[in-house]
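**Student:** Below is a structure I'd like to ask you about.
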């Protein structure tokens, strides 16, 4: 049955995957808001919209990051638990900050994956 491309892209992630990464994407957003409030910085509407966009696109950016990492490395590179945690935290921050740039790649990958299905 024909499914339009936006549906294939935006609904391509499972609910479990999307919700898990959406909640992980809330961590950098909350950290940013807490830091801004702590330094008496007013959160303007534009900043609030930007934070919401970054958080909403984060699961698709993380999908693109994980897809690319699996393409390059194939097997886990780091085995020490502390190092894995640090790399994961840095990857989370990087994916959240670059989510408007990485998310289109993730959406395109989802479209290509489910185009044949």
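**Student:** Which one is modelled with the lowest pLDDT, of the residues in segment 92-116 that are loosely packed, with under 15 Cβ neighbours inside 10 Å and over 16 Å from residue 55 (Cα atoms)?
**Tutor:** Applying the filter and picking the extreme gives 116.
**Student:** Against the definition (in contact with a helix residue (DSSP H, G or I) (Cβ under 9 Å, 6 or more places away or on another chain) and loosely packed, with under 14 Cβ neighbours inside 10 Å), how does residue 53 come out, yes or no?
**Tutor:** Yes.
**Student:** Continuing with this model, one more query. Is it the case, given these coordinates, that residue 47 is at pLDDT 90 or above and closer than 20 Å to residue 97 by Cα?
**Tutor:** No.
One line per residue, one yes/no per condition, for (1) over 12 Å from residue 59 (Cβ atoms); (2) surrounded by 14 or more Cβ atoms within 10 Å (Cβ to Cβ); (3) touching a strand residue (DSSP E or B) at 6+ places or on another chain (Cβ under 9 Å); (4) at pLDDT 90 or above:
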{"residue": "8", "(1), (2), (3), (4)": "yes, yes, no, no"}
{"residue": "13", "(1), (2), (3), (4)": "no, yes, no, no"}
{"residue": "16", "(1), (2), (3), (4)": "no, no, no, yes"}
{"residue": "21", "(1), (2), (3), (4)": "no, yes, no, yes"}
{"residue": "24", "(1), (2), (3), (4)": "no, yes, no, yes"}
{"residue": "27", "(1), (2), (3), (4)": "yes, yes, no, yes"}
{"residue": "31", "(1), (2), (3), (4)": "yes, no, no, yes"}
{"residue": "39", "(1), (2), (3), (4)": "yes, no, no, no"}
{"residue": "42", "(1), (2), (3), (4)": "yes, no, no, no"}
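**Student:** Just wondering, is there one or more residues in segment 74-91 that are touching a helix residue (DSSP H, G or I) at 6+ places or on another chain (Cβ under 9 Å), at pLDDT 90 or above and crowded, with 18+ Cβ neighbours inside 10 Å?
**Tutor:** no
The values are calculated or read from the model by the stated rules, or taken from the named source; none is laboratory data. Note that the structure is predicted; figures quoted are calculated from it, not measured. All Cβ positions, even for glycine, are placed from backbone atoms using ideal geometry, and neighbour counts span all protein chains on display.
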